[in-house]
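Worksheet: one structure, shown below.
The values are calculated or read from the model by the stated rules, or taken from the named source; none is laboratory data. If you're wondering where the values come from, they're calculated on a predicted model, not measured in any experiment. Here the Cβ positions follow ideal geometry from the backbone for every residue, glycine too, while neighbour counts run over all protein chains shown.
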Amino acid sequence: MPKYLISFEKGAMDHIAEEDWPEVGKAAHAVCQEAKDAGVFVFAGGLSYDDGDVEHAVVATDGMVTDGPYPESKELIGGFMIVDVPTREEALKWAAKNAAACRCAQDIRKFMYDPEMD
């Protein structure tokens, strides 16, 4: 089955009040559990940008590592979920559940199929 990346940009949840975060977290975990129960869950998580780690690293083709802050113009992923579903319509249903739980719009992208990775 095709796999889909369901994601939202860093900062998309900034409008959520501090006191609402436990409820949002509970709702997001419930969507993940529902996806697990349905057998379509692959992986999910939020990305850390402000925990004291190096904010950005680029590894060049020669192996050289460059650390530094993220460019202001670069779109960053704030969180994501990967589902393995038969159709785009099914992925859109999971994205709608994520949007409601996380209180922000979700982006859907289909992974390219590579038979050698199955």
Meets criteria (modelled with pLDDT under 95, under 21 Å from A91 (Cα atoms) and surrounded by 10 or more Cβ atoms within 10 Å (Cβ to Cβ)) for G11 = no
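In region 99-118, how many residues are farther than 17 Å from D14 by Cβ and in contact (Cβ under 8 Å) with a residue 40 or more places away in the chain? Explain how you work it out, then say what you get.
First, the residues of region 99-118 that are farther than 17 Å from D14 by Cβ: 100, 108-118.
With in contact (Cβ under 8 Å) with a residue 40 or more places away in the chain added as a condition, the list becomes 100, 108-111, 113.
Here the count works out to 6.
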message = List the strands (runs of 3 or more DSSP E) inside region 40-118, counting only whole elements, that have at least 3 residues being at pLDDT 85 or above.
response = 41-46, 77-84, 107-110
